[in-house]
Amino acid sequence: MSGVLTTLDSPGLELVVPAGLLLVAVAPFLGRATRLQAAGLVALPLALSAALGIFKYTADTHNDASRDRLLSSAPAQSRLSPVTDPDNDYASSQTCRACHPSEYHSWHHSYHRTMTQLGKPEAVLAKWHGTKLPLGQAELQLEKKGDEYWITTVGADGIKPVKQRATLTTGSHHLQVYWVADAKGNLQHPFPYGWLVADQKWVPVSDTFLRDPNLAPPDAKWNNVCIKCHAVAGRPGVDARTRTVNTEIAELGIACEACHGPAGTHIAHYQNPANRYRGHLGGGKPHSILNPGGGFDHRLSAQVCGQCHAYQYTPNNGDWLKNGPRFLPGNPLKANTTVVHASSFAGTQPALGEEAKAFLSQHGHPHPGDEWLNDRFWPDGMVRVTGREYNGLLDTPCFQRGKMSCLSCHSMHGYHDRNDQLAPRMDTNEACLQCHDKFRENLAAHTRHNAASAGSRCYNCHMPHTTYGLLGAIRSHQVDSPDVTTQLKTGRPNACNLCHLDQTLDWTRRHLAEWYGHRKPPLDPDDKSISSILRMLLQGDAGQRAIAAWHMGWEPARRASGGDWQARWLIRTMDDPYAAIRHIAHKALTAHPPLAGLPFDYTAPLAKRAGQIDAIRRRLANAAPLGQAPRAELLLDARGHPLEDNASRLTAKRNNRPMTLQE
């Protein structure tokens, strides 16, 4: 009998075992039953098993067909080999799991894994079934059928075009967006709405980025944009001649081999037991695989992260479209791309002729132009948009003159919180004190703040939130120090005023001169009399306004500068022409307890938003007055109301340059 069972597959056992158990259960009754009753008792379990088999076969056939249709319309996961190492196949994370279960578990729990997934129930976070979303004069009707997610577009005339199935998801931490496949090939078109995870709501994807409100909604394709970082070894497979796309990837999401390199040779080597024993007993570096954190050169280690977390230029785009990336972890990043190191040419202008050739020879890419740079970098070349932390690291003295790398603070497997993937204690001053130990014993003498306060957190002064991204402000990854002259030259707010929101730039100038010997640059009258961050909120460009609004809800800044005056200015900011700034202002406003919980739909039509803002103003008017008389720097009258003439004067000078920060 055991020989028979071993020849049956799992579905066969699922039928034979229940039938056998039922026969065993009725066996005691067969001796007392008539011939007809006995026949019935035997036939019953057989009939039930047959019915179960038919039901299971039908369900499995349907599920298999559904899965096959999904796989055929999504980028094909193939056993690829990199063009720079053609004898070394990518093997996928499932293969790594057998020998490295703990590393697999920590990776599987990370947001890197879920960067791109198939559109299946375990991936889709949004409220889907029954949702109806407007799209111009049409309506999008969302429906879940079994494990499938469908979108039906209903026109104004009531005609229903062909339904589309959601094939891929991108993101799972802050925002999740969705993709639908093209009728030909596996080109992935963007679904116009995204799901804000924290807010648990649908919003237009175009309103989840800080982008010029006069631009048409984006129409980026996953296959030639997201594939660069949100999959392993992606090959777009764009055929310009036939206008078809046959995209291949080694694995969806950011998986093991994105950081460790293709594992085919490594796996083949350790399939030999003798090699495994030698590896365990002898120690040393593993065979044919890279460990970025295993005593590796800090520059090459950081470039493993830099393959995604940097602005880059690809000289031979045609080769990339056909063959995918040539970079392999452990090799220089410049294998098929050049990092745009903006600080090395900050302030220069695009040139022609021989000057353009000289620029290309020196930097490895053409001059990208002012518009491209302004949407990504501050004027001195510091990156101002999230996701490009390697650009910041390049200009950090700790990296240039020391051995700082991404893994000095972050850990891909030993993180204590998957939100930032920081290693244990790296969210404290230990991140800096591990190298700068001389400040440990008398920290307050260096910071001029209480050692236990936010003003003595190294991050807050040397990595302030001057980077925009994810509908908020993110810490800069270029380590520097507060400097008034730099703010005047670049417009980037200094760390002191980002905490002391109520203080002028002159206040910071005086303290930095007294404490650290900074020179005192000349200031205009407004810099001497108006809160620096309030002025930026009213007068700055869209990126500056976003950062200023976010800090008005940041708890350390509210403690340092008082937390009851910002609401007056945030309510005004909720009418900003940029949707992202409206969202940030409202989120910051909810830090004011009397206004927490009041609804505001930042993507709604103007009339609806105006009504919600009026309701918030009425609630604020009925709240307790300010705890103390407002200082003149805050441009509030004795009752706590904005001085409209002053505010209008500053707003009239606002930097209204169209801006689309390229996250």
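The values are calculated or read from the model by the stated rules, or taken from the named source; none is laboratory data. What you see is a predicted model, and the numbers here were worked out from it, not measured in a lab. A quick note on method: Cβ atoms are made from the backbone with ideal geometry, for glycine too, and the neighbour counts reach across all protein chains shown. Protein only, heavy atoms only, side chains kept; ligands, DNA and RNA dropped before computing areas. Shrake-Rupley method; radii C 1.70, N 1.55, O 1.52, S 1.80 Å.
Before moving on, here are some points about what is shown:
- Solvent-accessible area of LYS322, all protein chains in place: 150 Å² (probe radius 1.4 Å, heavy atoms, ligands and nucleic acids excluded).
- Taking Lys and Arg as +1 and Asp and Glu as -1, the other residues whose beta-carbon sits under 14 Å from that of PHE296 total +2.
- Area accessible to solvent at LYS528, 1.4 Å probe radius, in Å²: 110 Å²
- Restraint check, LYS201/LYS221; LYS334/LYS489; LYS163/LYS608; LYS228/LYS334; LYS163/LYS201, Cα-Cα greater than 25 Å: LYS334/LYS489; LYS163/LYS608
- The chain: relative contact order in percent, alpha carbon pairs under 8 Å with at least 6 residues between: 10 percent
- Size of charge dipole - segment 397-499 - debye, nearest 20, with Cβ of Lys, Arg +1 and Asp, Glu -1, no other charges: 180 debye
- A protection proxy built from the mean count of other Cβ atoms within 10 Å ranks the segments 155-164, 203-212, most packed first, as 203-212, 155-164.
- A dipole drawn for the chain from +1 and -1 charges on Cβ atoms has a positive end, and of CYS229, ALA632, ALA74 the residue lying farthest that way is ALA632.
- In degrees, nearest ten, helix 10-30 long axis to first principal axis of the chain (Cα): 50 degrees
- In this Cβ point-charge picture (+1 for Lys and Arg, -1 for Asp and Glu), the chain has a dipole of about 620 debye about its Cα centre.
- Of the accessible area of the chain, computed with a 1.4 Å probe over protein heavy atoms only, carbon and sulfur atoms account for 56 percent.
- The charge dipole of segment 100-230, taken about the Cα centre with unit charges on the Cβ atoms of Lys, Arg (+1) and Asp, Glu (-1), comes to about 200 debye, rounded to the nearest 20.
- Average Cα contact separation per residue, segment 226-329, under 8 Å, 6 or more apart, as relative contact order %: 33 percent
- Sequentially through segment 114-119, phi angles give Karplus couplings (6.51, -1.76, 1.60; θ = phi - 60°) of 8, 4, 9, 9, 5, x Hz, Gly and Pro residues having no value and appearing as x.
- Reported label for calculated percent of Cα pairs over 46 Å apart given (1) 23; (2) 47; (3) 30: (3)
- Most positive-pole-ward Cα, LEU534, TYR270, TYR90, against dipole of the chain from beta carbon charges: LEU534
- When peptides 369-379, 614-624 are sorted by average Cβ neighbour count within 10 Å, with the highest value leading, the order is 369-379, 614-624.
- Under 11 Å, Cβ to Cβ, from GLN141 - net charge with Lys/Arg +1 and Asp/Glu -1: +1
- Cβ crowding within 10 Å averaged over residues, with 223-230, 234-241 ranked highest first: 223-230, 234-241
- Amide H contacts under 5 Å for PHE327: ASN336, restricted to partners 5 or more places along the chain or on a different chain, H placed in the peptide plane at 1.01 Å from N.
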